[in-house]
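As structure tokens, the structure follows; a few thoughts come after it.
What follows is calculated from the coordinates using simple rules that are stated; it is not laboratory data. None of these values were measured; they are calculated from a predicted model. Every residue, glycine among them, receives a Cβ derived from its backbone with ideal geometry; neighbour counts consider all protein chains shown.
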Amino acid sequence: MRLFVMLLLSLSLHFAGAQTQATQQKNDQAENVSKPIVRREVRRLDSSIVDLKSAIATIDTLKVKYLYLNQLELKEVPKVIYRFRNLEQLYLGGNELKSVNIDLKRLPKLRQLHLQGNQLTNIALTLTENSSVNILNLKENKFTNIPDAAKNCKKMTSLWLGGNPLTDLSSKSFKGLKQLRDLNFYRSDLAVLPKGIKKVRKLEVIDLYYNKLETLPKSITRLKQLTHLAVSHNQIAALPAKINRLKNVHTLYAHHNHLSWLPEQIVKMQNLKILDLGYNWFTNFPSELTSFTNLSELDLSSNNFSEFPQQLLKIRQLDKLYLRGNPFLKENTEIKYGQQLGLLKSKSIEVFY
């Protein structure tokens, strides 16, 4: 009898254990389903390392130029990075870093430092003074201003701060960025671009997409080296009166704003090749557009032209013209405006309507 009871108890424990194991497996499966699969962005080369385990195990450290420790849920910067004195690019984006302190004297050849998608604040980033880092990627953190640490990168040419709430940005913020050529303030909650932007005299590219700007400072026209001006998706009602000072700009993106006229002096920007004025408030065709001689793309999509802008026919040089979404483009467009469209196409202009 005693043997029988023990047998029953053993069977009961066995089934209970099996049931618990099955339940745990289901829970694990449910957890795995709920967790999104992270596809890490890495490049697997002979000179690259793509995980922490390999970084620790690598023997020939001098050949390593690219270290990918991104998207690994890291909470601190691993000391193993200092094993690679010839490192040129360090990727630490998409982790859970709240504080970063990197001694760049121990990484004398580092050219790119990527820290995007973490939880860094102005006081939580420390970088020693260096003359090696060219690209500093700080996008999508919690910076409210250009961190002082960035200014320790004396040869930095690209600074990317898009996706940060830059509510404390001021004219003083731009001091010490003498070598900067590429500045990204994409989606940064900017209601005002400080006039101190003029201090970044070597700037060639500025991205101000998706902010809250209603105007641009007059001082932006002091950026004589600028070639790309991107101010789309704001609330800008007028471009600077002396925009012609930006004589080297060849690409101007100003779509999705409140523009209804252009400054007269814009006609002197004869290096313009791409001009995007789509999704604005133009009701009358701006005659200034007929003055450009090097324009290759002109976008006037989704404005308020009730009739075909006849002055378009005066444009001397153009490769692509975008007119989609304007009120005059209704049914029978090709019949009603066939002659005008034909004249444009006879000039080898590709028209999108």
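Using the number of other C-beta atoms within 10 angstrom as an exposure proxy, rank TRP160, TRP281, TRP261 with the fewest first. Kindly include the intermediate steps, with their values, before the conclusion.
Numbers: TRP160 21, TRP281 12, TRP261 15.
Lowest to highest Cβ neighbour count: TRP281, TRP261, TRP160.
By how many nm would the segment from SER171 to LEU45 lengthen if fully extended, with 0.36 nm per residue of separation less the alpha-carbon distance?
Values: separation 126, 0.36 × 126 = 45.36 nm, distance 4.25 nm.
Difference between extended and current length: 41.1 nm.
So, R0 is 51 Å and r is the distance between the beta-carbons of HIS258 and LYS53; what FRET efficiency does that work out to, to 0.05? Before the final figure, lay out the partial values.
Working: r = 54 Å, r/R0 = 1.05.
For R0 = 51 Å, the calculated efficiency reads 0.45.
Taking the Cα atoms only, what angle lies between the long axis of helix 2-34 and the longest principal axis of the chain, rounded to 10 degrees?
10
Between the alpha-carbon centers of region 257-323 and region 133-160, tell me the distance in whole angstrom.
Here the two parts' Cα centres lie 36 Å apart.
Explain nothing, just compute: Karplus ³J(HN,Hα) = 6.51 cos²θ - 1.76 cosθ + 1.60, θ = phi - 60°, for every residue of region 191-207 in order, whole Hz, x for Gly and Pro.
8, 9, 9, x, 5, x, 4, 5, 6, 8, 5, 9, 4, 10, 10, 10, 10
Taking neighbour Cβ counts within 10 Å as the exposure measure, how do HIS258, HIS228 sort from fewest upward? If you can, show how the numbers build up before the last one.
On the way: HIS258 13, HIS228 17.
With the sparsest Cβ surroundings first, the list reads HIS258, HIS228.
Per-residue HN-Hα couplings for region 338-353, Karplus 6.51 cos²θ - 1.76 cosθ + 1.60 at θ = phi - 60°, whole Hz, x for Gly and Pro?
x, 5, 5, 5, x, 5, 5, 5, 5, 8, 6, 9, 7, 9, 10, 9
On a C-alpha basis, how far is the centre of region 81-98 from the centre of region 221-253 in Å? Whole number, if you could?
That distance is 35 Å.
If I take every Cα pair under 8 Å that is 6 or more residues apart in the chain, average their sequence separation and divide by the length, what percent do I get for the relative contact order?
Values: 806 pairs, mean separation 22.6, N = 353.
Reported relative contact order: 6 percent.
Of all GluC sites (Glu not before Pro) in region 285-317, which ones are in loop regions per DSSP and have a Cβ with at most 16 other Cβ atoms within 10 Å? Display every interim value, and only then the final one.
Numbers: sites: GLU288, GLU297, GLU307; in loops: GLU307.
Qualifying residues, ordered by number: GLU307.
Determine the gain in length on full extension of the stretch THR215-LYS195; use 0.36 nm per residue of separation and subtract their C-alpha separation, reporting nm with one decimal. If you can, show how the numbers build up before the last one.
Working: separation 20, 0.36 × 20 = 7.20 nm, distance 1.13 nm.
Gain in length upon complete extension: 6.1 nm.
What nm distance separates the two modelled labels at THR283 and ASN304, each placed 7 Å from Cα along Cα→Cβ?
Simple spin-label model gives 0.5 nm for this pair.
When the helix-only estimate is applied to the chain (DSSP H runs of n ≥ 4, each -39,500 (n - 2.57), divided by the residue count), what is the mean residue ellipticity at 222 nm, nearest 500 deg cm²/dmol?
Working: 4 runs with 52 residues, N = 353.
When only DSSP H runs of four or more count, the value is -4500 deg cm²/dmol.
Given (1) 17.6; (2) 16.1; (3) 28.3, which label gives mean projected area of the Cα convex hull in nm² as computed from the coordinates?
Matching the structure shown: (3).
If r is the Cβ-Cβ distance from LYS336 to LYS314 and R0 is 30 Å, what FRET efficiency results, to the nearest 0.05?
Working: r = 20 Å, r/R0 = 0.67.
Computed FRET efficiency for LYS336 and LYS314 comes out at 0.90.
Once amide H atoms are built 1.01 Å from N in the peptide plane, which residues 5 or more positions from MET269, or in another chain, come under 5 Å H to H?
Placed amide hydrogens put nothing under 5 Å from MET269.
Give the order of ARG85, ARG44, ARG222 when sorted by the count of other beta carbons within 10 angstrom, beginning with the fewest.
Working: ARG85 13, ARG44 9, ARG222 18.
The order, fewest Cβ neighbours first, is ARG44, ARG85, ARG222.
Please list 3J(HN,Hα) in residue order for region 152-169, calculated via the Karplus relation 6.51 cos²θ - 1.76 cosθ + 1.60 where θ = phi - 60°; whole Hz, with x for glycine and proline.
7, 8, 5, 10, 5, 10, 10, 10, 10, 10, x, x, 9, x, 7, 6, 9, 5
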